[in-house]
Structures are given as structure tokens and as C-alpha cells.
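Okay, so here's the structure we're looking at.
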Amino acid sequence: MSYTTAHFEAPFFRQPSSDPVGSQRTSIVAMFNNNQEQDHLESIFKQKRILRSKVRQALKSMDPSLRSQEDDVIQTIVLEAPWFKSNGSMLQTAKKLYVPRVEDKNCNMRMFHISRIDDLVANSMSILEPAPVDADGNEREDVMHANDAVDLVIMPGLAFDRSGRRLGRGGGYYDCFLKNYKELAKERNWKQPLFVALSYSVQIIDEVIPVTSNDALVDALVSPCGVVPISPAALESLTLAE
């Protein structure tokens, strides 16, 4: 809801050069709108917290053997998919592979080029990530400074709905990175990459995931049931690759 204010000048009367009442009214309207926006965001964050708790519990209750089975199925689907092969099969082609590295707790994440699995070292929370420099002390290429566009981004997430909305784990790392990369691609007139998310069956939910303008959407989902194209870009890419 938005409000506008106006004042009218009657005949034969000069409007004062300043209108303290009008200015105060405008300030009140702006404050009201800001409060509404803040309330809306708080509602979204609350819904997200509830959904995260629900999905985390579902993942925790998932049988380990089923999880392992779904891991294998998802990996097979991706590696054998024509659209993936056309974008490069990991380290086995001339295509470049960039892997994320968390820099700090302020949503800062970088993507570094690696050429072999040994380039990954245990970092935050013992997750394998690329070091900023290689074994020879040379700085690794940051994808934000690369000369060529990225074709495909494989994304993690905590939950997804079938309209492409993604629920992250609350850190905002991928949302921040993808926002910056999209802007870079637009500046350089590059085609936007295809954003594909990998998901266990319990992570695809029927509820509509609440999102803000900063939340990144996915073009397609890969689950044990197969590939679910969502965006027009995914439909085009997946169709042309078949």
C-alpha cells in the first residue's frame, strides 16, 4: 500500500515557500512504508526459519542407505546428461572448473579455478575448498576476473520448490555471489549461465518458498527422479542438448 500527498493553491493566495506540514506528512508516509517493508521482510525470514527446521529434520531422518543411493543416481544423471557434457565434464575436458571458497562470515565467497582434485584443501567446517594460491605459490584465477563466461553453475541448497525458488542455509553466500556474477555477465554482454541445483527427494517441497529480491532462482533441478527444467533458458538448453 502506498500513499501520495498533495497540496492545492487557492486563487488569490500565495503558497508559502516552505510547507512544514506537507514535509511532515511526507516523512510519516515514508516511515509507514519503511515499517511495512520491514514487517514484510520479517515475515519472510520467519517463514524461512520454519521451513529450514522442517527440511533439516527431514534430511536428518533420511536413511543413510537411501541418501547414498540418491547420491549415486543424481551423480549418474548429471554426468550422463547431454547438457552437462556439452558444458564440459568436470576436469576431463578443456573446460574450466571453478570451485567456491568461503572468505569470511559476511557472505563473501569467491570461485577459484582448479585443475585437479588435489587443489582442494580442508577449510571452514572441514569442507574441501581451493586455496587462494596453488602449490607453486601462484594466485589462482578468480572467476570474477576470468576472460570467458561461465556456462553452467551447479548450486547447492536446503530446499527447492517447482517454480525455481531456492531456500539456502541462511548464510547468503550464493545469493551474493550470483548477484555479482550476473551483473558482471550483463556488463560484459555475456550469456547468463544455466543455474542447476542438485536435490535429494525430500528437499523438493510442495510449499511455495518465500523469497526476497536478493534470492537467486534456479533454472533446473536434478533429483533422483530426473531433471526438472523450470525456466525458459533451461527448457531451451536441455532441449537443444538432447
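Values computed for the structure shown
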item: Contact order normalised by residue count of the range 96-212, Cα under 8 Å, 6+ apart, percent; result: 25
item: Principal axis box of the range 151-242, alpha-carbon based, largest edge first, Å; result: 38, 36, 17
item: R0 of 22 Å, Cβ-Cβ distance ASN214-LEU128: FRET efficiency to nearest 0.05; result: 0.20
item: Listed residue (GLN57, ILE127, ILE74) projecting farthest to the positive dipole end of the range 41-188, Cβ model; result: GLN57
item: Volume per residue of the C-alpha convex hull in the range 36-88, rounded to whole Å³; result: 106
item: Charge dipole magnitude, Cβ of K and R +1, D and E -1 - the range 91-163, Cα centre, debye nearest 20; result: 260
item: Surface accessible to a 1.4 Å probe, per residue, for the residues of the range 157-242, Å²; result: 50
item: Charged-residue dipole, Cβ positions (Lys, Arg, Asp, Glu), the range 155-242 about Cα centre, Debye nearest 20; result: 240
item: Rel. contact order, % - alpha carbon contacts under 8 angstrom, at least six apart, the range 185-242; result: 31
item: Shape box of the range 32-159 [Cα atoms, principal axes, largest first, Å]; result: 54, 40, 30
item: Net lengthening on full extension, GLU236/GLU141 (0.36 nm per residue, minus Cα-Cα); result: 31.2 nm
item: Qualifying lysines (Cα of each under 16 Å from Cα of LYS179; at least 8 residues distant if same chain); result: LYS191
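The values are calculated or read from the model by the stated rules, or taken from the named source; none is laboratory data. Quantities reported herein were computed from a predicted structural model and do not represent experimental measurements. Neighbour counts are summed over all protein chains in view; Cβ atoms, including those assigned to glycine, are modelled from backbone coordinates with ideal geometry. We work out accessible area using only protein heavy atoms, side chains counted, and drop any ligands, DNA or RNA first. Shrake-Rupley method; radii C 1.70, N 1.55, O 1.52, S 1.80 Å.
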